[in-house]
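The values are calculated or read from the model by the stated rules, or taken from the named source; none is laboratory data. The structure displayed is predicted, hence computed values, not measured ones. Positions of Cβ are backbone-derived with ideal geometry, glycine not excepted, and every protein chain shown enters the neighbour counts.
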Amino acid sequence: MSDIANPESLPDKTRLEALVREILAEAQVQGASAAEAGVSFDVGLSVTVRLGEVETLEYHRARGLGVTVYFGQRKGSASTSDISPAAVRETVRAACGIARYTAEDACAGLADPERLAREIPDLELDHPWNITAERAIELARECEDTARAADARITNSEGASVATHRSLRVYGNSNGFIGGYPSTRHSISCTVVARQGDRMQRDYWYSVAREHAGLESPAAVGRRAAERTVRRLGGRKLATCKAPVLFVPELARGLLGHFVGAIRGASLYRKASFLLDHLGKQVFPPYLRIHEQPHLKRALGSAPFDNEGVATQARDVVRDGRLEGYVLDSYAARRLGMQTTGNAGGVHNLTVEPGTLDFSGLLREMGTGLLVTELMGQGVSIVTGDYSRGAAGFWVENGEIRYPVEEITIAGNLRDMFRQVVAVGNDVDTRSSIRTGSWLVESMTIAGA
């Protein structure tokens, strides 16, 4: 393999495919009955500017390979960052050595051949950003300068960053599959600190996209970070009460992430989920639909196949509020007596169908209640559904934001919270493989002073 000369360059895909074939052939030579291998190259550039000075400037360049071998139902895996022929042989030998000593597992093995991707659509995921370090620094400075100049109460900064990343991953297995594609991810972010009297607050904003033209401008990111920070000044505590709670999209995404955790194969076959045996049952209100869209062009969660080479496909996970499908890889599917859903490695553009209300409309729909813009702590149990986290945000009355609140805790049970999603906004956040607007939950316990 040739060295990577700059943050844009990657090896030719056919060369990585050849390397994967060599790894699979070596596994066969060493006695494996089946094998799978992946090779990845990653390049990138990131800069961080703080208070106008360059704090970090990093070029990223990494490569690696991983191989998993099977001796019947015994499995072993090994990986390395060295892709020389000697290292390939040694890595395969290590995987084989592990497999020979592991216990048999009836569910171990490659993905079923009939589920593998036969056609790999071009999802337009590769959009290199030909940006120099000097230009990236200029953009980061513009972002931070805009934030610091937005309000006299902005007194400090944790920095602004600009990053570009490009990767090429090729996967193959001894069932005849081999495939790969390059992809890119670019971002701009900023975090600043505001002060009022002896009280300080911090907040942030960021933009991320497959192509740099899809990013918000540095100035827009800086302004948004400053606005979010300043509006938190003067926070109050609340008396303990029960009230409606509106989660902004980036936090609603976390709620949907807990839902995914509860329907993930490992949680189900270990019987460690509050949604165990809920397939076909009502888990959300009847109006709500959640579906996967893996083939959206240029989306952050798009993929033509999963980490096992299984073809991804659009599907409903929740329809009319009922749970229609789990999130399974091949191993979990076999443990459950089911078929893989093409989710080895995670979900692909899991989307909550947006409602008709924008953010202002959701505030009016809530009337009086809590708008949550930050969550803290890890008080979530996928086993029981119990949910209790530190929070900050704003108190809303008559559909209008009245004042910021802090040092509160919100609590409930995810089972009840999901059923009590009164509305989903059309303010969809697309900066992730999970895409949703704001969620309005009918009632939660708010613990304050």
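If you scan the range 322-338, which residues turn out to be among the basic types (K, R) and part of a helix (DSSP H, G or I)?
Passing the criteria: R334, R335.
I'd like the full set of residues that are over 25 Å from A35 (Cα atoms) and not in a loop (DSSP other than H, G, I, E, B), limited to the range 104-142.
A133, E134, R135, A136, I137, E138, L139, A140, R141, E142
Being within 30 Å of R415 (Cβ to Cβ), crowded, with 17+ Cβ neighbours inside 10 Å, more than 25 Å from the chain's Cα centre (by Cα) and not charged (D, E, K, R) is true for just one of A262, A239, A243. Which residue is that?
Selected residue: A243, the only one of A262, A239, A243 that is within 30 Å of R415 (Cβ to Cβ), crowded, with 17+ Cβ neighbours inside 10 Å, more than 25 Å from the chain's Cα centre (by Cα) and not charged (D, E, K, R).
Filter the strands (runs of 3 or more DSSP E) completely within the range 232-321 down to those with at least 1 residues that are over 30 Å from P404 (Cα atoms).
290-292, 315-319
Restricted to the range 396-433, and to residues that are surrounded by fewer than 17 Cβ atoms within 10 Å (Cβ to Cβ) and basic (K, R), which residue is nearest to T445 (Cα to Cα)?
Per the criteria, the residue is R419.
Quick one: which residue in E144, E138 is assigned by TED's automatic domain parsing to the domain that holds E119 and surrounded by fewer than 18 Cβ atoms within 10 Å (Cβ to Cβ)? Give the derivation first.
On the way: E144 fails: surrounded by fewer than 18 Cβ atoms within 10 Å (Cβ to Cβ).
Among E144, E138, only E138 is assigned by TED's automatic domain parsing to the domain that holds E119 and surrounded by fewer than 18 Cβ atoms within 10 Å (Cβ to Cβ).
From the list G179, G257, G172, pick out the single residue that is touching a strand residue (DSSP E or B) at 6+ places or on another chain (Cβ under 9 Å) and surrounded by fewer than 18 Cβ atoms within 10 Å (Cβ to Cβ).
G257
Look at the range 151-169 and say how many of its residues are basic (K, R) and surrounded by fewer than 21 Cβ atoms within 10 Å (Cβ to Cβ). Walk me through it before giving the result.
So in the range 151-169, the residues basic (K, R) come out as 153, 166, 169.
Pick out the ones that are also surrounded by fewer than 21 Cβ atoms within 10 Å (Cβ to Cβ) and you get 153, 169.
Of the residues in the range 151-169, 2 are basic (K, R) and surrounded by fewer than 21 Cβ atoms within 10 Å (Cβ to Cβ).
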